[in-house]
Each structure stands twice: as structure tokens, then as C-alpha cells.
Amino acid sequence: MSANGQAHTDFHATLRAVTRTYPGARPVHALGSIDLDIARGEFFSVVGPSGCGKSTLLDVLAGLSAPTTGRVSFEGKQVAGRVPEGVGVVFQEDASFPWLTVYDNVAFGLRRAGMDAAETARRVDYAVGFMGLRDFTHAYPAQLSGGMRQRVCIARTLVLQPRLILLDEPFGALDQQTRLLMGDELLRLWRETGASVLLITHALDEAAMLSDRVGVMSARPGVFIDLVTTGWARERDSRIVSDPGFGAITARLWSSLRTESMKAIGREA
């Protein structure tokens, strides 16, 4: 059993003594040492001050960046050198291809993998419908709002049927109201697919609303200084922000984060 009281077989992804230092004339110790267990089917969010290593953590877990020390595992197998099969990644930047329609954007990864046309069509039709894009199947990204373009990127990940979804500030460029609605869509996706989710976000309210647990990171080099269990029911949505416990959770997150954010600002000054 782990310190969290869960059997190790329940862990979908693990990091053990993970650090990341960027080499150079003045090496930058960006991350760790980090120990983290993400349970199967868990929604886990990470908050922390700018430059604390949140995105580095995601890159290491995704296999996009190798840890300097330590071990990263997904479903019991070491992550090394590439994104493992079963892991999907969505970034903040609009990664849609402007010359492709919504349908062709969503189908891109499946076609590149050589999937047959019938299964590709089945998966794309489902994902486009699930993300509310059916009326825009033949539209191009330039004809869509920012929130809709992010839906395209999420749909393109969804068709790959990932068992672990990694999201790096996917709604950072959206207004508050759109972010809340996109959060509802993300929760629906999480429930219906049964995937585990790791979300990187700067927004404490977003982390508090969406997550089963929230990890608060220190100023660089980033380590976890608090792990907050929200206690929300799985069938939650953005209406949870009116729950009296919501304010208590965001207050705890800010209490843990405030000093670290001041450290980060002082370092940049």
C-alpha cells in the first residue's frame, strides 16, 4: 500500500525521485525531486507559480522530455523517449491545422497511424458529435471561435482513445465564462471515457472545480508542497463553484501558493 492508502496496481502513472535540470553555461534546475502517483481514473490538477516546472512535469510524464534523474512509469512500464501508446496530450496553443477542415483535423492522427477508413470515420463522427462540433464538420479553424478550436484539439486527442490525458493550460486563452463551460465538457469527457487526467493550470478556481486532487508546486525547482483532496462527487459540473466548500478549497490553494508566487516574482525582479 502507498501513503495514499491505495494499492500500487491502482496507480496509472508514477514518478519516483524525478528531477529535470536544463544544461547550459548556467544549468537550470527546473524540477524536483518529485514523487507522484496518479490513480486510475483520477482527475489530478497541478498549480504553481510561473516558471515552477509545471509544464516540465507534464513533458516528462508524456515522454517528451527525459528526467535528469528518477523514473517515470505509465501502466507499469517506464516512459522513455516518446509519448507512450495510450497517452494523449493537449497544449494551450491552438494546434489545429488551418488548411484542414474540422473533420480532417480530428482524423489526422488516425490516418497517419494507418487506421482503416471505416474505423476512422466511426471514431471521428463520435468525437465530433461528443464535442458539439457536428454543425462545423466542414468548417476551417479560421471560421471557429477560440473555444471551438480547442474542442477540435481535444477531439483529435479523444479519437486516439487515450487512457491518460495530459492537458497543459488548454483553456488559458479563453474568457472566464467559456473556460467554465469548457470545464464542464472536460468533466463529461473524463467521466464517459474513464481516462485518468492530469491538468496543468494557473487558475485556482479551475483546479478546484475540476479535480479529485490538486497538487501545489513550489517556486523553481518545483516540488509538491501541498496535495489537496477536494472530495467532490464524480457527477460534478461548474455549479460546484456555489458550494460552500469550494471557497475553502481555493483559499487553501492560495494560502499554499502565495509565498511561492512571491518567491518567483522576487527571483524574476
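Residue pairs, Cβ under 7 Å, 6 or more apart or interchain, first in the stretch 105-125 and part of a helix (DSSP H, G or I) and open to solvent by 80 Å² or more (accessible area, probe 1.4 Å), second modelled with pLDDT of 90 or more and not hydrophobic (A, V, I, L, M, F, W, C). List them.
Note: pairs meeting the criteria are Arg111/Thr120.
Those residues that are in contact with a Phe, Trp or Tyr (Cβ under 6 Å, 6 or more places away or on another chain) and open to solvent by 10 Å² or more (accessible area, probe 1.4 Å), I need them from the stretch 205-229; list them, please.
Within the stretch 205-229, Asp212, Arg213 meet the criteria.
Counting only residues that are hydroxyl-bearing (Ser, Thr, Tyr), at pLDDT 90 or above and loosely packed, with under 15 Cβ neighbours inside 10 Å, how many does the stretch 5-32 have?
Residues in the stretch 5-32 being hydroxyl-bearing (Ser, Thr, Tyr), at pLDDT 90 or above and loosely packed, with under 15 Cβ neighbours inside 10 Å: 1 in total.
So if I check each of Val90, Val83, Val60, which one is surrounded by 14 or more Cβ atoms within 10 Å (Cβ to Cβ), β-branched (Val, Ile, Thr) and modelled with pLDDT of 90 or more?
Val60
The values are calculated or read from the model by the stated rules, or taken from the named source; none is laboratory data. Just so it is clear, the model here is predicted, and its values are computed rather than measured. Every residue, glycine among them, receives a Cβ derived from its backbone with ideal geometry; neighbour counts consider all protein chains shown. When the accessible area is computed, the model is the full protein with side chains, heavy atoms only, and any ligands, DNA or RNA have been set aside. Shrake-Rupley method; radii C 1.70, N 1.55, O 1.52, S 1.80 Å.
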